[in-house]
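The values are calculated or read from the model by the stated rules, or taken from the named source; none is laboratory data. Since this is a predicted model, take the numbers as computed values, not measurements. As a convention, Cβ positions derive from the backbone with ideal geometry for all residues, glycine included, and neighbour counts pool all protein chains shown.
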């Protein structure tokens, strides 16, 4: 049986140069399939707001949403390391609030670790979680919970001042005790520099080839969406959206044409019980009627 990774093993993977594979999952079947495929880490991302719940951003996602989906993922991937996002404004409100909300993801969502977006500005809350025994994965660069503040989904760290800030943020998260950091939509050169500067793993998404691991969204690599929007940093491995749509279309056509169900899809009785049921033929109805109208 596959043994789930630990934060110690993840750090050893960085040291040995073994790339870390990370994929999002949001429910039991997707988590089970990801585990069977050999994924190292499953991230229950608040990206479920976009790909599962139909929101334009991750901002409307609630802590209850994350607990619910994390618990489903944990049931499907019982032998995989699971990291679950703290959603918008469930932290940055002080260490006590952060600890309370993070604890729910572990106690009720069965996650092994949490992920938080931000750098030096959340370092104290990261440290508080680590002191309480809650492993934390950081997330810098493009931080979707701050998309309105950032002015959209743009590559980060292009300017020297921005790049230095991200380096400082990464070091602050490491010093606070984070066991890994996601680098999203930053230049490849910057991601490589950050990866070399840290002793903890970096997990890239749109951050090039120099990271210690890569993470992508389940629905992106499978094109499980309609319509599917191409993303430069994503490699797709299947087109499930078209497959599912076509399959459902064939089902609808079969129902409309009465091609489904067929003989092999139905259950038949060994006898013909209908003829023995009360009121199933005219003679039964006639005799029943006479009994009901008989005058004493």
Please determine, by comparing only the residues of region 129-145 that are more than 17 Å from residue 200 (Cβ to Cβ) and not in a helix (DSSP H, G or I), which one is farthest from the chain's Cα centre (by Cα). 132
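How about region 40-54: which of its residues are assigned to a loop (DSSP other than H, G, I, E, B) and either within 19 Å of residue 117 (Cα to Cα) or outside the structural domain of residue 70 (by TED's automatic domain parsing) (or both)?
Within region 40-54, 45, 46, 47 qualify.
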Considering region 79-103 alone, what residues qualify as being free of Cβ contacts under 8 Å to residues at least 40 places away in the same chain, over 25 Å from residue 153 (Cβ atoms) and outside any helix (DSSP H, G or I)? 93, 94
Every residue in region 88-100 that is within 23 Å of residue 6 (Cα to Cα) and either modelled with pLDDT under 95 or crowded, with 20+ Cβ neighbours inside 10 Å (or both), please. 98
Among the residues of region 171-217, what is the count of those that are in a loop (DSSP other than H, G, I, E, B), buried (at least 24 other Cβ atoms within 10 Å of the Cβ) and free of Cβ contacts under 8 Å to residues at least 60 places away in the same chain? 2
Cβ-Cβ below 6 Å, separation at least six or inter-chain, first residue in region 58-78 and assigned by TED's automatic domain parsing to the domain that holds residue 33, second modelled with pLDDT under 95 and part of a loop (DSSP other than H, G, I, E, B): which pairs? none
